[in-house]
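Quick notes on the structure that follows.
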Amino acid sequence: MLPAILGLSGPVLTEDERAFFAETGPAGFILFDRNVADKAQLRALTDSLRDLTGRGDLPILIDQEGGRVARLRPPEWPAFPAPWRFAELYEIAPISAIEAVRVNAEALAVMLAEVGINVDCLPLLDVRQEGAHDVIGDRALGAEPMRVAALGRAILDGLQTGGVLGVVKHMPGHGRARADSHKELPVVDASREELALDLAPFRALHDAPMAMTAHLLYPAWDSDLPATISPTIVDEIVRGTIGFDGLLISDDLGMDALPDGLEERASAAIAAGCDLVLHCSGAIGESRQVASGLGEMTGAARERLARAMARIGGKHSVHEFAALAEKRDSLLAMIPDAAA
C-alpha cells in the first residue's frame, strides 16, 4: 500500500487514474469541489474508488468544516456555520455550545456518509491568537485552549456517532502563524513555554484517531525544518509531549511552505515520522512524483490506519438530518445578534 492520500482530477475516474491507482494502491483519497456535482454522482465516485481498491474501509477524506471551508455546498447540500460560531455561543452558554457543536458534527457526518465519505478533516484545534493571519480565523474553535479542546472533543464524538472519523489539525498548532502556509513558510517565534498553550488542546485530545501536521517552522523546537518534515518535532513533540499515537497525516504537499519538489517532500515527511502524506491537486503527473518518493507503507502505519478505521461508529438515517440541524440552529439562536 502506498503511504499517500491522493486527490482526483474530476467527478469520475479517468482511465489513467484507474491504472495508476490500481498499480500503486494509495492508502486513501481526498475530494474537492472539482470532484462534486450532485449526490448521485458523488456516491457513484466513492463507490468506484472502493470497487477499484477492493477495500470497504477505504478512507475517503474531505474538508467539510462549515463556513468558508466547504466542498459540498448549496443548493445540493445545506450550508453549515463556521466553527467560530460555536466559540461565540460558548461565551454565554458553554454546555449549550458543546451540545450544538456535537449535533452539528453529527449532521455533517450523516450528510457525508450518505455519499460514501467516511473521514472529515475536522476539528481544528489551533488556538486562535491576536495578530495571526486569517488563514485560520473563523475556522478556529476559540482562543482559549480548554474551550478549543471541549468543542473539539464534541466534534469528534458527533462525527463518529454519525459514521465518520475526524482528523484533528494542524498539529502542533497553527494559531500563531502570521503567514498563509499555502503560499509561504510561516515562522512561529514563540518560546517553548508559550507554545505549551498551543499544545494543550492536542494533548487533551491525544487519543484522536487521526491528526494532520502543520507546515510551520517552530525555532524553539527545530530551527531548520517545518513540523511536517521535522523528525525532532514529530518524535519529541507530536509522539512525545502530545502523546499522539494515532494515524499522522501530512498537510498537503503541494503547499508552498515546504522546500524542494514533491518527490523530496514526500520522502522527507515519511522519514520524519508521518504515517501518510497528503497530496491534493489531483494532477496525475504530480501524484506520480509523490509516489516516486515513497516506498511501502510501514507496518506501524498500517496498524494505525486499521485501528482508526475500526473506530467508525453507527450510521444514522438521512431522515434524522433535519432534526439534528434544527436542534443546532435552536441552540445557536441563543447568540445575541451583535455576535452573529
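Data overview
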item	result
Rounded, prolate or oblate (a/c below 1.5 giving rounded, otherwise prolate when a/b exceeds b/c) for the chain by Cα gyration tensor	oblate
Anisotropy class of the range 198-340 from Cα gyration tensor, a/c 1.5 cut	prolate
Exposed-site-free run, longest, the chain (rule: GluC sites (Glu not before Pro); DSSP loop; at most 15 other C-beta within 10 Å)	185-295
Amide N of the range 49-79 lying under 12 Å from the label point, which is placed 7 angstrom from the Cα of Ala37 along Cα→Cβ	none
Gaussian network model of the chain, Cα within-10 Å springs - most flexible of Leu52, Leu225, Leu278	Leu52
Over the chain: helical MRE at 222 nm, DSSP H runs n ≥ 4 each giving -39500 (n - 2.57), nearest 500	-12000 deg cm²/dmol
Positive-end residue, the chain charge dipole about Cα centroid, Cβ charges, pick of Ser223, Thr53, Gly254	Thr53
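All of the numbers you see were taken from the coordinates with simple rules; none came from a lab. Computed from a predicted model, the values in this text were never measured in an experiment. So basically every Cβ, Gly included, is an ideal-geometry build from the backbone, and we count neighbours across all protein chains shown.
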